[in-house]
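Contents: one structure, followed by commentary.
The values are calculated or read from the model by the stated rules, or taken from the named source; none is laboratory data. Everything numeric here is computed off the predicted structure, so don't read it as measured data. Here the Cβ is made from the backbone with ideal geometry for all residues, glycine too, and neighbour counts use every protein chain on show.
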Amino acid sequence: MSTNYSIRPGSHTPPGVHVDEEGINFCIFSRHATRVELVLYETGASTEPFQLIALDPEVHRTFFFWHVFVENLEPGVHYTWRVDGPGDTEHTGFRFNPNKELLDPWARAVNDQHWSREQACHPHENRQTAMRAVVASDHFDWQGDEPLNHSLEHSIIYEMHVGGFTRHSSSGATHPGTFSAIIEKIDYLKDLGITDVELMPVMAFDEQDVPLGTKQRGLRNYWGYSTHSFYSPHPRYCVSTDPTQHPNEFREMVRALHQAKLGVILDVVFNHTAEGGEGGPTINFKGLDNEIFYHLDPADRRKYLDFTGCGNTVNCNHPLVTRYITASLAYWVRQMHVDGFRFDLASVFARGEEGRPMYNAPLPWAIAFSRTLARTRIIAEAWDAGGLYQVGAFPGFRWSEWNGRYRDTIRRFARGDKGLVKDVATALAGSSDLYHHQGRLPTNSINFVTCHDGFTLNDLVSYSHKHNEDNGENNRDGQNDNFSDNYGIEGPSSNATIRALRRQQARNMMTLLMLSQGVPMLSMGDEVLRSQHGNNNGYCQDNEISWLNWHLLDENRDMLRFVKHIIALRKRHASLQRHRFLTGKVNPNRGIRDIEWHGPRLNEPLWDDPDGQILVFTLAGTTPAEDDLHVVCNMADAAWTAPLPRIAHRKWFRAVDTSRASPEDILPPREQPLINATGYQVRPHSVVVLEAR
């Protein structure tokens with residue numbers, strides 16, 4: 001490749017790269033830099049650059065942007081930046097190092113084939129082991145595709161890991177562990193009944209970011225919560241070895257999912273980056289604007305304030321950083337057609353100067369009010385590792401939240417904990433205690449019992465304690481209190497009684513999830529009782545511990561059948577997908593109350609019983625054509641006969657009884673038996689659902 005491409009001053013907007021018919025404009029932000037150099041490589045394997053372009057601040061700097069236009073240069077070129085500036089890190093927070101080759105934070109594609117995190121942690125030159133940005137074209141034939149924007153109250157979210165979903169040999173995928181492989185499994189997702197996939201981090205991340213003990217075991221960062229490039233798909237999830245094709249591989253997956261009417265939600269990590277703390281690597285932000293992008297210790301600015309547990313915390317409410325984050329989100333909506341975002345440790349968004357919580361933090365409101373994101377789902381994990389817990393109080397009216405209180409309440413109730421009847425009723429009704437008084441809606445609550453972080457559903461009913469020894473951290477990592485139970489034996493059991501109870505409890509929690517107002521989310525593989533062998537923090541387990549074994553579809557086909565049918569039950573009842581909170585008032589379409597609460601006796605709920613383990617409710621259909629529901633939850637050790645309410649001109653039919661073996665545990669309407677009695681015997685630790693028509 002020629003080494004004498006002509007240059008022009010270029011433009012300070014947009015940041016990153018912009019390609020036109022005359023060449024490529026390169027632009028980077030660095031407020032305090034004194035010297036900036038663009039380094040151009042032919043490929044990711046090139047050992048030496050073919051051209052070095054030193055930028056003259058009198059020509060190539062506008063405000064705090066450094067820019068240059070390279071004439072006749074075409075997409076496919078690899079590049080890095082070298083930046084120098086003032087020192088005195090202790091007092092200024094600057095970390096300029098002209099030896100380091102920096103990755104463009106706006107890179108649309110990344111080549112990390114020679115990346116060494118260890119080398120990037122040292123101050124010396126790292127040309128041969130640095131990541132390189134790649135100029136990729138934004139051209140793609142969407143074939144008329146647009147983000148789906150279907151209503152949130154009708155959504156059922158399936159949280160999944162792109163790699164782990166198909167990486168197991170049993171998946172039969174042509175290219176296991178890739179965006180392409182997900183396309184091959186669309187029929188499975190459609191048949192399951194979910195409406196949206198929530199993909200764990202797909203923005204390019206550092207797989208080498210693990211503790212030393214974990215690394216020594218040959219493990220790597222699997223989950224992906226170590227982002228370094230917020231515009232680029234993760235290279236390992238792509239089939240092509242040509243990074244310029246990576247954005248389009250992601251787009252092909254989105255287009256195919258949209259054609260199947262499945263939405264795409266991205267789990268995004270803007271609370272910290274892969275650069276870690278004081279001893280972490282210099283990848284991009286540290287070498288460009290360390291003192292702007294991160295929260296630094298005011299007493300010693302060499303150190304980082306860590307509210308994430310990952311070494312650093314992004315200074316989200318600095319105007320530049322706020323703009324960077326919102327622009328990145330807009331890119332994924334406009335250019336990648338995604339339907340929503342789930343924000344990891346989002347309470348960091350509510351931290352201002354020196355990490356202090358802000359009542360009206362700019363970033364959450366900027367995202368909520370963005371015209372580009374107006375129809376995009378925005379979901380907060382409304383807590384951080386620094387103790388800021390904001391479930392029910394996250395800034396901004398439009399945000400949905402992962403409802404951690406819901407998770408814990410349902411787990412404890414299903415386990416048999418007493419005195420939770422009132423809390424469970426509130427959770428099932430959409431958590432109005434958290435959201436109604438603020439004018440929010442049931443859809444502000446993302447309901448879940450399990451997610452990637454913690455036990456799988458199978459392990460929740462098989463282990464009383466975490467077993468994370470394989471992670472290399474002496475079982476110190478992961479949540480200690482999981483509100484789980486092993487029901488007699490820790491781990492796998494050959495005892496038929498224990499095995500049956502465990503499956504029943506799994507059905508109980510899945511049933512309660514699908515009967516709750518709000519938005520249900522289930523975790524990859526729970527529908528077939530996937531196990532991680534008691535590991536509740538599989539962030540580094542890129543192996544069969546974390547992967548979905550597709551043989552389970554046959555081995556646990558009874559559970560898969562149950563999950564499909566309970567999702568179908570939810571979908572056919574508008575009363576379970578309400579846009580507004582239940583009122584207890586008479587439904588004018590039905591002539592009965594929208595909900596009535598009961599206990600062992602009709603209309604006598606045991607709200608304040610410290611030993612209460614029974615909750616019963618009757619839910620009216622929203623229209624005369626919709627079946628009414630009667631739900632009986634008995635988490636006690638004894639059976640009892642639940643009295644059935646009388647509804648004029650209707651009879652009760654058994655839809656669900658989690659104590660029964662498959663296929664009698666759940667039945668479609670045409671197969672449901674008539675309950676020709678005034679009561680129904682409810683067995684211990686079970687949920688019964690009756691439909692009236």
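Worth pointing out:
So that you can scan it fast, the table gives a plain yes or no per residue for (1) touching a Phe, Trp or Tyr at 6+ places or on another chain (Cβ under 9 Å); (2) assigned to a strand (DSSP E or B); (3) buried (at least 22 other Cβ atoms within 10 Å of the Cβ); (4) of a type outside the set (Gly, Ala, Ser):
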site: 638; (1), (2), (3), (4): no, no, no, no
site: 647; (1), (2), (3), (4): no, no, no, yes
site: 655; (1), (2), (3), (4): no, yes, yes, no
site: 661; (1), (2), (3), (4): no, no, no, no
site: 687; (1), (2), (3), (4): no, yes, yes, yes
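- Which numbered condition residue 91 misses (of (1) in contact with a Pro (Cβ under 6 Å, 6 or more places away or on another chain); (2) within 30 Å of residue 318 (Cβ to Cβ); (3) of a type outside the set (Phe, Trp, Tyr)): (1)
- Checking residue 599 against (1) small (Gly, Ala, Ser); (2) within 36 Å of the chain's Cα centre (by Cα); (3) within 17 Å of residue 681 (Cβ to Cβ), the condition it does not meet: (2)
- Residue, farthest from residue 582 (Cα to Cα), within segment 617-631, restricted to residues that are of a type in the set (A, V, I, L, M) and more than 32 Å from the chain's Cα centre (by Cα): 625
- Remark: pairs (first residue in segment 370-397, among the acidic types (Asp, Glu); second residue assigned to a loop (DSSP other than H, G, I, E, B); Cβ separation under 6 Å; 6+ apart in sequence or on different chains) = 381/344; 381/345; 384/307; 384/345.
A quick yes/no check of all residues on (1) at pLDDT 95 or above; (2) closer than 27 Å to residue 156 by Cβ; (3) surrounded by 19 or more Cβ atoms within 10 Å (Cβ to Cβ); (4) charged (D, E, K, R):
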{"site": "247", "(1), (2), (3), (4)": "yes, no, yes, no"}
{"site": "283", "(1), (2), (3), (4)": "yes, no, yes, no"}
{"site": "289", "(1), (2), (3), (4)": "yes, no, yes, yes"}
{"site": "297", "(1), (2), (3), (4)": "yes, no, no, yes"}
{"site": "300", "(1), (2), (3), (4)": "yes, no, no, yes"}
{"site": "303", "(1), (2), (3), (4)": "yes, no, no, yes"}
{"site": "318", "(1), (2), (3), (4)": "yes, no, yes, no"}
{"site": "321", "(1), (2), (3), (4)": "yes, no, yes, no"}
{"site": "327", "(1), (2), (3), (4)": "yes, no, no, no"}
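- Annotation note: Cβ proximity below 7 Å between a residue of segment 414-443 that is assigned by TED's automatic domain parsing to the domain that holds residue 398 and farther than 25 Å from residue 484 by Cβ and a residue that is among the basic types (Lys, Arg) and crowded, with 16+ Cβ neighbours inside 10 Å (sequence gap 6+ or interchain) occurs for 442/578.
Conditions (1) more than 19 Å from residue 228 (Cα to Cα); (2) not assigned by TED's automatic domain parsing to the domain that holds residue 398, marked per residue:
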| residue | (1), (2) |
| --- | --- |
| 67 | yes, yes |
| 76 | yes, yes |
| 83 | no, yes |
| 158 | yes, no |
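- The one condition from (1) over 17 Å from the mean Cα position of the chain (by Cα); (2) crowded, with 22+ Cβ neighbours inside 10 Å that residue 412 does not meet is (2).
- Residue in segment 502-557 that is surrounded by the fewest Cβ atoms within 10 Å (Cβ to Cβ), counting only those that are touching a strand residue (DSSP E or B) at 6+ places or on another chain (Cβ under 9 Å) and either aromatic (Phe, Trp, Tyr) or assigned to a loop (DSSP other than H, G, I, E, B) (or both): 530
- Screening residue 115 against (1) on the phi < 0 side of the Ramachandran plot; (2) without any contact (Cβ under 8 Å) to a residue 40 or more places away in the chain leaves a single unmet condition, (2).
- Test: residue in segment 69-92 that is exposed (fewer than 12 other Cβ atoms within 10 Å of the Cβ) and in contact with a strand residue (DSSP E or B) (Cβ under 6 Å, 6 or more places away or on another chain): yes
- For segment 332-345, the set of residues classified as crowded, with 18+ Cβ neighbours inside 10 Å, of a type outside the set (Asp, Glu) and under 20 Å from residue 229 (Cβ atoms) consists of 332, 333, 336, 337, 338, 341, 342, 343, 345, listed by residue number.
- Test for residue 630: is it touching a strand residue (DSSP E or B) at 6+ places or on another chain (Cβ under 9 Å), closer than 21 Å to residue 586 by Cβ and modelled with pLDDT of 95 or more: yes
- Filter pass, residue 568 being assigned to a helix (DSSP H, G or I), surrounded by fewer than 18 Cβ atoms within 10 Å (Cβ to Cβ) and either basic (Lys, Arg) or touching a residue at least 12 places away in the same chain (Cβ under 8 Å) (or both): yes
- Looking across segment 571-590, the residues that are more than 28 Å from the chain's Cα centre (by Cα) and either assigned to a helix (DSSP H, G or I) or without any contact (Cβ under 8 Å) to a residue 24 or more places away in the chain (or both) come down to 583, 584, 585, 586, 588.
- Qualifying residue in segment 623-636 (condition: in contact with an Asp or Glu (Cβ under 9 Å, 6 or more places away or on another chain), assigned to a strand (DSSP E or B) and free of Cβ contacts under 8 Å to residues at least 12 places away in the same chain): no
- Hits in segment 674-685 (condition: within 21 Å of residue 504 (Cα to Cα) and either touching a Leu at 6+ places or on another chain (Cβ under 8 Å) or not in a loop (DSSP other than H, G, I, E, B) (or both)): 680, 681, 682, 685
- In segment 554-593, the residues that are of a type outside the set (A, V, I, L, M, F, W, C) and touching a Gly at 6+ places or on another chain (Cβ under 7 Å): 564, 571, 575, 590, 593
- The residues on offer are 372, 326, and the sole one that is within 21 Å of the chain's Cα centre (by Cα), polar (S, T, N, Q) and in a helix (DSSP H, G or I) is 326.
- Within segment 41-81, the set of residues being in contact (Cβ under 8 Å) with a residue 24 or more places away in the chain, over 40 Å from the mean Cα position of the chain (by Cα) and in a loop (DSSP other than H, G, I, E, B) comprises 50, 72.
- Subset of segment 600-627 (residues that are aliphatic (A, V, I, L, M) and either modelled with pLDDT of 95 or more or closer than 24 Å to residue 590 by Cα (or both)): 602, 614, 615, 616, 619, 620, 625
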